[in-house]
Amino acid sequence: PFDQAHLMVELLRAAGVSAQYQLGSVNLNQNQALGWFGTDVPAVINEILADGGIPGAVTGSGGTLSVSVMHLWVRAQIGGTWYVSIQHRR
């Protein structure tokens, strides 16, 4: 998400739109984790996070899986209103 967020901020700024980065944590339930990582197996998600150098934590298993991941997104101000774009791969 870091490269995509950087590109989006640069393109928005080039178009005259106020844009900034926002860093935070995203908490995913089991279905959301499946969409983000393509799996809901805790060991596999931990391996994906470690391989990507992405700070995160996986707790639970089965129907109680929870994943907390550090994420970067973009905020843009258009017409006086701030909009947020959270990107993820599926």
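The values are calculated or read from the model by the stated rules, or taken from the named source; none is laboratory data. Just so you know, these numbers come straight off a predicted model, no measurement behind them. Note: ideal-geometry Cβ built from the backbone for every residue, glycine included; neighbour counts use all protein chains shown. We work out accessible area using only protein heavy atoms, side chains counted, and drop any ligands, DNA or RNA first. Shrake-Rupley method; radii C 1.70, N 1.55, O 1.52, S 1.80 Å.
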The stretch 16-38 residues that are at positive phi and small (Gly, Ala, Ser), paired with ones that are open to solvent by less than 70 Å² (accessible area, probe 1.4 Å) and in a helix (DSSP H, G or I) (beta carbon under 9 Å, 6 or more apart):
GLY38/VAL44; GLY38/ILE48
Flagged in the stretch 30-76 as of a type in the set (Phe, Trp, Tyr) and under 27 Å from ALA19 (Cα atoms), in numbering order, are TRP36, TRP73
Picking from ILE45, ILE78, ILE54, which residue would you name as being in contact with a strand residue (DSSP E or B) (Cβ under 9 Å, 6 or more places away or on another chain), farther than 18 Å from PRO1 by Cα and surrounded by 11 or more Cβ atoms within 10 Å (Cβ to Cβ)?
ILE78
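If you scan the stretch 1-15, which residues turn out to be in contact (Cβ under 8 Å) with a residue 24 or more places away in the chain and either in contact with a Gly (Cβ under 9 Å, 6 or more places away or on another chain) or surrounded by 13 or more Cβ atoms within 10 Å (Cβ to Cβ) (or both)? Step through it out loud before you land on a result.
To start, the set of residues in the stretch 1-15 that are in contact (Cβ under 8 Å) with a residue 24 or more places away in the chain comprises 1-2, 4-5, 8-9, 12.
The answer is PRO1, GLN4, ALA5, MET8, VAL9, LEU12.
Can you pull out every residue in the stretch 1-29 that is assigned to a strand (DSSP E or B) and hydrophobic (A, V, I, L, M, F, W, C)?
Filtering the stretch 1-29 for residues assigned to a strand (DSSP E or B) gives 18-29.
Correct list: ALA19, LEU23, VAL26, LEU28.
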May I ask you to verify whether VAL67 is touching a Gly at 6+ places or on another chain (Cβ under 8 Å), assigned to a strand (DSSP E or B), free of Cβ contacts under 8 Å to residues at least 60 places away in the same chain and farther than 15 Å from ALA5 by Cα?
yes
Unmet requirement for SER61, which otherwise passes all of (1) touching a helix residue (DSSP H, G or I) at 6+ places or on another chain (Cβ under 6 Å); (2) modelled with pLDDT of 95 or more; (3) open to solvent by 60 Å² or more (accessible area, probe 1.4 Å):
(2)
With (1) closer than 15 Å to SER85 by Cα; (2) part of a helix (DSSP H, G or I); (3) open to solvent by 40 Å² or more (accessible area, probe 1.4 Å) as the list, and GLN32 as the residue in question, which single condition is left unmet?
(1)
